[in-house]
1. Which value, in Å², gives the accessible area per residue of the protein assembly as shown when a 1.4 Å probe is used on the protein heavy atoms?
2. For residue B:85 paired with residue A:42, estimate the spin-label separation in nm (one decimal), with each label point 7 Å from Cα along the Cα-to-Cβ line.
3. Using alpha-carbon pairs under 8 Å, 6+ residues apart, how would you state the relative contact order of chain A in percent?
4. Taking each label point as 7 Å beyond Cα in the direction of the beta carbon, state the distances from residue D:261 to the same residue in the other copies, shortest first, in nm.
5. Run through the range C:16-67 and list the GluC sites (Glu not before Pro) located in a DSSP loop whose Cβ has at most 12 other Cβ atoms within 10 Å.
6. Could you order peptides C:252-261, A:81-90 by the average number of other Cβ atoms within 10 Å of their residues, highest first?
7. Distance between Cα centroids, the range D:209-246 to the range B:151-180: provide it in whole Å.
8. Summarise the accessible area of the range D:18-99 (1.4 Å probe, protein heavy atoms) by the percent that is carbon and sulfur.
There are 4 protein chains.
Amino acid sequence: MSVQHMKVTKRIDPKYQNEAVLLVKCPDKPGIVAVLSEFLHTFDANIIESSQYSTNPENGTFFIRLAYYCDQLADKAEQMEKNFAGIARAFDMHYEFHYRAQTKRAAIFVSKEPHCLLELLWEYQNGDLNMDIGVVISNYEDSRDMVEALGIPFYYIPANKDIREQVEAQQIALMEEFEIDVLILARYMQILTPNFVKHFENRIINIHHSFLPAFIGADPYARAFARGVKLIGATSHYVTNDLDEGPIIEQDVERVDHRSDVKELRKIGSKIERRVLAKAVKWHVENRILVEGNKTIVFH
Amino acid sequence: MSVQHMKVTKRIDPKYQNEAVLLVKCPDKPGIVAVLSEFLHTFDANIIESSQYSTNPENGTFFIRLAYYCDQLADKAEQMEKNFAGIARAFDMHYEFHYRAQTKRAAIFVSKEPHCLLELLWEYQNGDLNMDIGVVISNYEDSRDMVEALGIPFYYIPANKDIREQVEAQQIALMEEFEIDVLILARYMQILTPNFVKHFENRIINIHHSFLPAFIGADPYARAFARGVKLIGATSHYVTNDLDEGPIIEQDVERVDHRSDVKELRKIGSKIERRVLAKAVKWHVENRILVEGNKTIVFH
Amino acid sequence: MSVQHMKVTKRIDPKYQNEAVLLVKCPDKPGIVAVLSEFLHTFDANIIESSQYSTNPENGTFFIRLAYYCDQLADKAEQMEKNFAGIARAFDMHYEFHYRAQTKRAAIFVSKEPHCLLELLWEYQNGDLNMDIGVVISNYEDSRDMVEALGIPFYYIPANKDIREQVEAQQIALMEEFEIDVLILARYMQILTPNFVKHFENRIINIHHSFLPAFIGADPYARAFARGVKLIGATSHYVTNDLDEGPIIEQDVERVDHRSDVKELRKIGSKIERRVLAKAVKWHVENRILVEGNKTIVFH
Amino acid sequence: MSVQHMKVTKRIDPKYQNEAVLLVKCPDKPGIVAVLSEFLHTFDANIIESSQYSTNPENGTFFIRLAYYCDQLADKAEQMEKNFAGIARAFDMHYEFHYRAQTKRAAIFVSKEPHCLLELLWEYQNGDLNMDIGVVISNYEDSRDMVEALGIPFYYIPANKDIREQVEAQQIALMEEFEIDVLILARYMQILTPNFVKHFENRIINIHHSFLPAFIGADPYARAFARGVKLIGATSHYVTNDLDEGPIIEQDVERVDHRSDVKELRKIGSKIERRVLAKAVKWHVENRILVEGNKTIVFH
């Protein structure tokens, strides 16, 4: 593998050039919504979607997602962000402006099983995911053809725990080269080091093949079979340094029974995995998620 | 039956004396949220929950539900409503103020099958429904004991299509006597006249025992069996003068198969009916529903 | 509490006097079904339902449930069982004959929260559970009225870990007095001793308020909240001496999100618990369940 | 389009050469199971799966599916079928022998939307569908590449109601040429004539994009939107001459709400359609389905 591409620049989607999302997290107090909506109104921005949540109206934490439309947003954005900085200081806000025209770029990591990758490629082709796929990285060659057929760069990087640091250095270089915003572990069966995770905090989305916190770790379908559960599931979560313990974004289950052997559980499970991961990715790239401690606020 | 009770007065629940909901529907235009949140902020009201929806950001209809907390709300409410009238005129708003302390009072109509009534009584006893049950009316005596055991007045009013007007006159008198805010048809198997429906527009909640619009009308389980469907359902909706055509509030289904005869479908269905109706009632009394044409906006 | 009732005798339901179920578990080999169906045919018994399962057609374990109708079953049953003993020896079978007319008798154990008890009482009144409720035992007085209103004996037996043996001695005496076939722990918040469990192997059904094996042990809703799961569940299982590790009979889940606090999770969960437990009990008393190691075969 | 291929012969899968399924439908009477299992035992066939159903044990219709394993089945099959003919006469049976090694061959018809075709291709590649895909026929060219990439013949046959008979003649010729066992309408948006349907009775599987019998006919998502339903669904059924009225094989639904416009309903619906159709096809090719009047018995 060699990394010799030209520096890429993000795709700007002019269709959405006047749309943005403002995500805010701060200590709750009266008047926040008034201040935020007044701020947007000052710039003639119209709120398209608004969702808020407070852990406790008295002295809790306040979260809000405001999607807005604003004529000539490109011309106004800098001034808006400048003005907003003052508000943010006054209310002790964590905040993020996301401009819809600046299409997010994803990297997909995959090992041998392609079902989650395929689902993402399919949703992407359909226009159901508001993102570009910058690169696919795999420790197997199996998925190369289907990826390259779509004009997406595919990198085969063999991986195992003995060469982990060297592998991750290559991967990080690719993430930088392709200006990657979000990493999707689409059944990538390698552990990531704390150093790697730190590079991409709350930007690595994993799919785990169980309804966490049941069956943390390896081979959850075999363990589900051994336990005789009547439901199997899948969980999409942000990756942290505690294995399978990161903030959960989405989960789902399917009914099984005594007749399902481990192979059958894997088949049923693969369908859950692909839809759960696709939903989590969709919500992430639509800037619907705020992380608070080890939990997510997902604004639908 | 005789109607000789003293005039009842609504229960005020002091626990919620500073909480209210403002529901608004109006033509969409920029700045509405700013105006509304500024309005609430002026009275030192803190927005606890906010949900909005627009049929179309350009020239559609805008809907919002604002739940707020306001110290000394009782003292301020009159002035707030007065001030709001001006805003409402300017934006051509339909609006409703609902004060949480003014517990809504429901009448439950039931025929022979008690499962939906029982579910509501159970949720009510549990404190899961933010309402009082003012009266239960039935064209059968069967439910009297379970209702009166809870200290709720029970009226047996035989009904059939030949005496419909006279029956409805009695029922309307009871609704007025008990100051009823919402009527719940908990498997009440009588058709209501347009006159009756008009009295309680968007305040009569029915449960229909199919996933509408499939199996409109009588005996849906027998027809579901005859059709060989693999799912049966239930639908809760506001009653209009078009049978089973009113705005749908909630629906749910369960899986069935060839082994389920009509009796079994009824059993499975009764469990769907009771949970679907209970949800619709809960959302109504929490003022989460706005009706637009033949559809509902339900703000969760 | 005193135990002075007359010895009770089981209710015989003449409506079902010619119906029975034969449950069989044995090493798989060719011809078993032929032998079993020939056996029944010899007695002019007609198979109404038949379900079978084999862990592995080659050298696995074979399970079958045969529900049959047989004219004058009462006169033939003894001879049938006698003849069957020979077949069972030849095939090394575990087998059970269950006569539908011999209505099973349940004991329900409950602590403070009544929702699971209420659901069972309601299904029982409806005729949806093919069992009698012989006795309800609680370490709280709360449920006495609703139980006695149905003519079911209610025993208040305070319980805590210091008096566990003495409490269980009383309970076992009651189980014997009332000729109890199945014990239902309908949110009974006391640990049972190995001695007690041994008395009622595969006949104690518990409801645990999580989707096991997640959140084994105390306070699963609080832990589900802390973990930020997007689904909560309930699990019904046979009780063994390993806490929450017995064979799972049924599980179900509901979707939740960040807005649900622990109190709300408990409310949502209580609805899952009651329907999951009711299903498990129904299948047990219909003799649909065979236990194999730590798993159940449930023949629907 | 020209039809000049060599006559194809069905693929024999030696892995399954000793496995078969016997499907039987007949008037219910005592002893049928004994006769059938004795019959199989005579040939040293071991029953792997057995499922039965009776509309009514007294004088109803009896259905059974017996999956069996039989050493040297190829040598015995002819004699078995010969012997069975006598049993079938005695019990007035409709019966079908299906040999698992004789892989069924499907034709897939598709119009513009590829999601259902893609799902089938994917399941097929995964080995999840026990069938071969003999040919794909479309009135659009869009899917050609993805079909031919898998080595499956693709025929573009423009279609509209004016040339229906001529189109169907071509299609029937292809069905014969490719020895097609089952036709799958994977969102094929053309009406079939009674003549065509008669050729393939109970062998044409359609996916309809609503939970039938709601929204029969054209554009169900637009009508679901207009009606304001809270669930949308899909239905797979055998095609008869009554539009969308054939025996239902499988249905499923997803929750939607007021925020979903028609485009969003189509996206959500497409995911339901693909999984519902894939299940129906799987059950058909595993010979799990018996048709009785306008209903299906599906033995899982």
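The values are calculated or read from the model by the stated rules, or taken from the named source; none is laboratory data. On a predicted model such as this, the values are computed, not experimentally measured, just so you know. Here the Cβ is made from the backbone with ideal geometry for all residues, glycine too, and neighbour counts use every protein chain on show. Quick note on the areas: whole protein, heavy atoms, side chains included, nothing else; ligands and nucleic acids left out. Shrake-Rupley method; radii C 1.70, N 1.55, O 1.52, S 1.80 Å.
1. For the protein assembly as shown, the solvent-accessible area averages 41 Å² per residue.
2. It works out to 3.4 nm between the two label points.
3. Result for chain A is 16 percent.
4. The answer, with the shortest distance listed first, is 3.8, 5.0, 5.1 nm.
5. C:58
6. C:252-261, A:81-90
7. Using only Cα atoms to place each centre, the spacing works out to 39 Å.
8. Exposed carbon and sulfur together represent 46 percent of the surface.
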